[in-house]
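What follows is a set of notes on a single structure, which appears directly below.
The values are calculated or read from the model by the stated rules, or taken from the named source; none is laboratory data. Here the structure is a predicted model, which means the values were calculated and not measured. Quick reminder, even Gly has a Cβ in these numbers, built from the backbone with ideal geometry, and neighbours come from all protein chains shown.
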Amino acid sequence: MSSAIPTSTEKDALLRAGIDRSLRHPVMFFLTSGAAWLAVSIILGVISSAKVHSPGFLDSCSWLTYGRTQAAHLNALVYGWGFQAAFGVIIWLMSRLSRQECRAAGLILTAGHVWNFGISIGLIGILSGYSTGMPWMEFPVFAWPVMLFGYFAIVIWSFIQFKVRPDGPVYISQWYLMAAMIWFPWVFITANILLHIIPGNPVMAAGINAWYKSAIIFLFFTPVALGTAFYLTPKVTGRPIHSYSLAKLGFWSLAIVMPWAGMQKLTGAPIPYFLPYVGAAATVLFFIPAFTAAVNILRTAMASGDVVNNSPTLRFTMAGVIGLIVMGTAAVFLNLPGSTLRYSQFSLSGYGFEILSIYAFFSFVMFGAIYFIVPRITRREWLSRRLIKFHFFISIYGIVLIALVAIFGGIQQGVGQEEFNISWTDSALRAFPYAWAMTIAWCAILLSNFFFFMHLLVMWMRLGRRSSHPTLLISDHGHSPHGEEGDIDTGGPGTASAAAH
Amino acid sequence: MSFRTFFLSLSASFGVAWLAVVIVPYFKMRSLEPLSMGDDASGTNVVFIPKRAGRITEGAEVYAENGCYLCHTQLVRPTYAGNDMFRPDWGGFKYDDERGDSRRETNAYDFFGEDFAQIGVARMGPDLSNLGVRVVNAYAMDISPEDWLYRHLYNPRWKPERRDSACPSFRFLFDEKDIKGNPSDEALEFAGIHGGEITPTPDARALVSYLLSLKKDQPVPDSLNFSPPAAAPTPAPAALIPAPAVGKEGDAVKTDAAPSEATPAPAEVAPAP
C-alpha cells in the first residue's frame, strides 16, 4: 500500500478524491439552495392547496392570492429545486464519468448565484403581480436571459470535460446527461423567443407553452434522473447494468418520441388538428422509454436485494424508478384521445401528473443521488439513519396520496365536468375531497423535507460523522456490509478503505 | 458512437419534431388572413376580425397576473373533444333572443389583440369563453353587468347559491376609503362601510372590461362555421333549428330554416324548459 509508485486503484482513489474536492463548494451550493427552494415551494404548495377547498384562507393580501401562490409554487419547484438539484448532480457525475477534476468551481459557484438571483427576482415578480400568465413561464420577462446565462456558465464546463476526457467507452449516463444539457437550452430558447420576442397567433403561443412544459418534464427531468439512476444502481450494488442494449433502446426511444409530446393539452383548441393527436400519441408512448429503463434498473438492483433495503441511496433511487413506472402508466391512462383525455385535460390530473413526474420520479432519484454524493464531497457521513427513514417514508405517504388523487380523483372530476346535465356547481364540488387530500399530502411532504433539509444543512456545515462506515438503514451496528455499498475514503485518499471501491 | 454521431442523431431526432410541431405551425399561424363575411347591405365587404384593444387588453394582463387561468379555461371544445357545447350558456346560447342558436366553438381569431390565449390549465371554475354573454343575459338581472362583476370579484360567495364557490376574493383590487365631501360616483353600493366607501381600482376596472368582452358568440364566416345555419347549401342538422317559440318575426335564421321544418320534428326541437 505504501509503495512509492501508486497502483492504478490508488490512482483512481486519488483521482476520485480530487474530483470530489474540486467540486465540493458548487455541488453543495446547488444541493442546499435547491433544498431550500424545495421547502419554499412546498410551503407555497400547502398554502395554495388549502385555498382550493377553503378560499377564505389568507385571502386578504394580494401577494397570497391563489393565482400567484400556485404559480410561484410550481416555478419554485421546477427552477428552484428541480434545476438546481439537476445542476449539482450533472456537474458531479460528468466530472466523475469524464475522470476530470473541475477547474472552474469558482465560476460555477458564481453562475449558481446568478441562477438563484434569476429565480428570486422571478418569484418576487410573480408574487407581486408581474407574472406573464404563461404556465411554467410566469417569471417576468427579464428573468429568462439571466437564467439562460447562468445555465450556460454552469454546464459549459461539463461539455469541456467530456470533450477532453481520456479515451474509453462512453457510459449510458453520459448520453442521458449530455442529451438533457443540449435539449434544455434548445427548448428554453425556442419557447422564450417565440412567446416573448416574436409575437404570433395567441392560440399557437399557448400550444408552444404546453409543449414547453412537456419538454421540460420529458427532455430534462426525465433524462437527468435516468442518467443518475443508471449511475447509482451499478455503483452501489457493484454489478453491471442488466442489459446495455436495452438501455440504449430506452435512450433513443426517449429522444425520438418525446419531443413530439405536449400539445394534447390543447385538444379542441383552434390549432392544426394533428398537433393534439401527435402530442397525445407521443405522451402515451412515453411508456416505452419509461418501462425499458425502469425494468433495466430494477433488474440490476434486485440482484442484490439487501443492498437496496440498507442503502439510503438505492432505496430512494428504486422508489424513484417505481415512480417512473407509475408515471409511465399514468401517461398512457390519462392521454387517450376519445376516452380519458377529455376528462384529464382540464382536471386535477394535469397538475397531479406534473407533481408525479417532478416529485415521485425525479426528486426521489435526486434524493438518492444526494445521499450518495454529499458524504463523498464533504468527507463526512450522514448523521442519523432515523432522519433518512423519516424523509423516505413520509415522502412516500405524501406522494402516493398525490398519485392516487392525480389519476383517479382527476378523472372523477373530469367526468363531472363532462356531465353537462348536472349544474356546474355540483361538478366543481367534486374536486373538494381531492383538494383536501392534496393539502394533507403536501403537509406530509413538507414534514419529510423538513427532516431532509435539516440533515443536509448539518452536512453542509461539515458536522457529519467522521467515520469510514456509511450510514445504512439497518439497526445493528455490529457488522457493516460496506463492501457493497462502497466505502468512503474519509481516511484520506490512498488508504485501504479508499482503494476498495 | 462518436460524439459527433451522437450530436447529429440527437439534433435530427429533436429537430424534426421541433420543426413539425413548433416552428412551422407557429409561423404558419402568425399571419392569419382576415376572413370575408360577405357583403353587407351597402355592398361593402365585411371581414371577420374580432379585435380587442385598450382597457380590455390591460384587463387581460390583470387576468394573467392574478393567475385566473389556473382555474378557468377559455376554450369551447368541439364535440369530438368534450361536451362544452352542450353545457347551457358555455358556448353561447342555444335559444338566443335575436339569432336563435348562437353557440359555436372557439376559433383561431377569438384571441386577436391578446399576447397569449389564456386557454387555461384546469376547470376548478367554469369556462369563461362567454362570460360576458352570461353576465349580461343571465346573471345581472337587477343591476348593471359591471356591478355584478365587481360584487363577484369582491366576494364570490355573496349569493346564497354561490356559497360553495372556491374562487378567491379579489378585495385587493378595491380601495377602501373614508368619504370626504361627496361620495364617489363609482363607489360600490353593496359594500358600504360606515362612513366610508369602496371603489374599484383601475386594475379592477380593466379586469371587468376584459371579462365583459369575453363574448365568443358573434356570427362567424362560413369557412369557420362548423354548424352552419339552414341558409347553408346543406340542410341543417335538426338540433340546430331554433325553437319557434323564441325566434322573432322576420328573423333571417328562422325564415331560412322554414323549409326544413317540413321534416319530422325531432326531440331536440322541443321548446326550451
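Odds and ends about this structure:
- Boolean, A:P135 is within 13 Å of another protein chain (Cβ to nearest Cβ), surrounded by 22 or more Cβ atoms within 10 Å (Cβ to Cβ) and on the phi < 0 side of the Ramachandran plot: yes
- Hits in the range B:173-197 (condition: within 14 Å of chain A (Cβ to nearest Cβ) and touching a helix residue (DSSP H, G or I) at 6+ places or on another chain (Cβ under 8 Å)): B:L173, B:F174
- Matching residues in the range A:228-249 - criterion: being crowded, with 21+ Cβ neighbours inside 10 Å and within 14 Å of chain B (Cβ to nearest Cβ): A:A247
- Where A:E101 falls short, out of the listed (1) touching a Gly at 6+ places or on another chain (Cβ under 8 Å); (2) assigned to a helix (DSSP H, G or I): (2)
- When the range A:297-328 is filtered for residues that are in contact (Cβ under 8 Å) with a residue 60 or more places away in the chain and either closer than 30 Å to A:Q417 by Cα or part of a loop (DSSP other than H, G, I, E, B) (or both), the ones remaining, listed by number, are A:A303, A:S304, A:S311, A:G323, A:L324, A:V326.
- Enumeration of residues in the range A:308-350 that are of a type in the set (S, T, Y) and within 14 Å of chain B (Cβ to nearest Cβ): A:S339, A:T340, A:Y343, A:S344, A:S347, A:S349
- Across the range A:138-159, the qualifying residues are those that are assigned to a loop (DSSP other than H, G, I, E, B) and more than 12 Å from every other protein chain (Cβ to nearest Cβ), and the one among them that is surrounded by the most Cβ atoms within 10 Å (Cβ to Cβ) is A:F139.
- The one condition in (1) of a type in the set (V, I, T); (2) at pLDDT below 90; (3) surrounded by fewer than 20 Cβ atoms within 10 Å (Cβ to Cβ) that A:I407 fails to fulfil: (3)
Rundown of residues vs (1) more than 23 Å from A:K51 (Cα to Cα); (2) touching a Phe, Trp or Tyr at 6+ places or on another chain (Cβ under 8 Å), yes/no style:
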| site | (1), (2) |
| --- | --- |
| B:A138 | yes, no |
| B:I143 | yes, no |
| B:L149 | no, no |
| B:L153 | no, yes |
| B:R205 | yes, no |
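- For A:G279: the one exception among (1) farther than 22 Å from A:G305 by Cβ; (2) surrounded by fewer than 24 Cβ atoms within 10 Å (Cβ to Cβ); (3) small (G, A, S): (2)
- Candidate set from the range A:190-217 (those that are away from chain B (no Cβ under 11 Å) and touching a residue at least 12 places away in the same chain (Cβ under 8 Å)); member that is nearest to A:L249 (Cα to Cα): A:I217
- Conditions (1) assigned to a helix (DSSP H, G or I); (2) away from chain B (no Cβ under 12 Å); (3) touching a Ser or Thr at 6+ places or on another chain (Cβ under 6 Å); number of the one not met by A:F162: (2)
- Residue match in the range A:262-276 (condition: crowded, with 21+ Cβ neighbours inside 10 Å and under 21 Å from the mean Cα position of the chain (by Cα)): yes
Yes/no matrix, rows are residues, columns are (1) surrounded by 22 or more Cβ atoms within 10 Å (Cβ to Cβ); (2) among the β-branched types (V, I, T); (3) outside any helix (DSSP H, G or I):
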| site | (1), (2), (3) |
| --- | --- |
| B:E61 | no, no, no |
| B:K94 | no, no, yes |
| B:S102 | yes, no, yes |
| B:T106 | yes, yes, yes |
| B:A117 | yes, no, yes |
| B:G125 | no, no, yes |
| B:G132 | no, no, no |
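- Qualifying residue in the range B:64-74 (condition: farther than 20 Å from A:G416 by Cβ, in a loop (DSSP other than H, G, I, E, B), within 8 Å of chain A (Cβ to nearest Cβ) and in contact with a Pro (Cβ under 7 Å, 6 or more places away or on another chain)): no
- Filtered residue count, the range A:54-76, keeping only those that are surrounded by 17 or more Cβ atoms within 10 Å (Cβ to Cβ) and facing chain B (nearest Cβ under 7 Å): 9
- Of all the numbered requirements in (1) under 30 Å from B:F48 (Cα atoms); (2) in contact with a strand residue (DSSP E or B) (Cβ under 9 Å, 6 or more places away or on another chain); (3) not basic (K, R), B:L173 misses one, and that requirement is (1).
- Count of the range A:1-43 residues, restricted to those that are at pLDDT 90 or above, among the polar types (S, T, N, Q) and over 15 Å from A:W115 (Cβ atoms), is 2.
- Taking the criterion of being of a type in the set (A, V, I, L, M, F, W, C) and out of contact with any Leu (no Cβ under 9 Å at 6 or more places or on another chain), the only residue of the range B:91-110 that qualifies is B:F93.
- Filtering the range B:105-157 to residues that are touching a strand residue (DSSP E or B) at 6+ places or on another chain (Cβ under 7 Å), more than 13 Å from every other protein chain (Cβ to nearest Cβ) and either of a type in the set (D, E, K, R) or under 18 Å from A:P202 (Cα atoms) (or both) leaves nothing.
- Flag for B:F6 being surrounded by 12 or more Cβ atoms within 10 Å (Cβ to Cβ), facing chain A (nearest Cβ under 9 Å) and at pLDDT below 95: yes
- Reported count of residues in the range A:413-440, each being touching a Gly at 6+ places or on another chain (Cβ under 6 Å) and free of Cβ contacts under 8 Å to residues at least 60 places away in the same chain, is 2.
- Index of the failed condition, B:T57 passing every other in (1) over 20 Å from the mean Cα position of the chain (by Cα); (2) more than 8 Å from every other protein chain (Cβ to nearest Cβ); (3) hydroxyl-bearing (S, T, Y); (4) part of a helix (DSSP H, G or I): (1)
- Taken together, A:T378, A:T317 contain a single residue that is under 18 Å from A:T471 (Cβ atoms) and modelled with pLDDT of 95 or more, which is A:T317.
- When restricted to residues that are within 10 Å of A:Y434 (Cα to Cα) and touching a residue at least 40 places away in the same chain (Cβ under 8 Å), the range A:392-411 contains 6.
- Of the criteria (1) more than 12 Å from chain A (Cβ to nearest Cβ); (2) at pLDDT 90 or above, which one B:S42 fails: (2)
- Taking the numbered list (1) touching a residue at least 60 places away in the same chain (Cβ under 8 Å); (2) away from chain B (no Cβ under 14 Å); (3) surrounded by 24 or more Cβ atoms within 10 Å (Cβ to Cβ) in turn, A:A294 passes all entries but (1).
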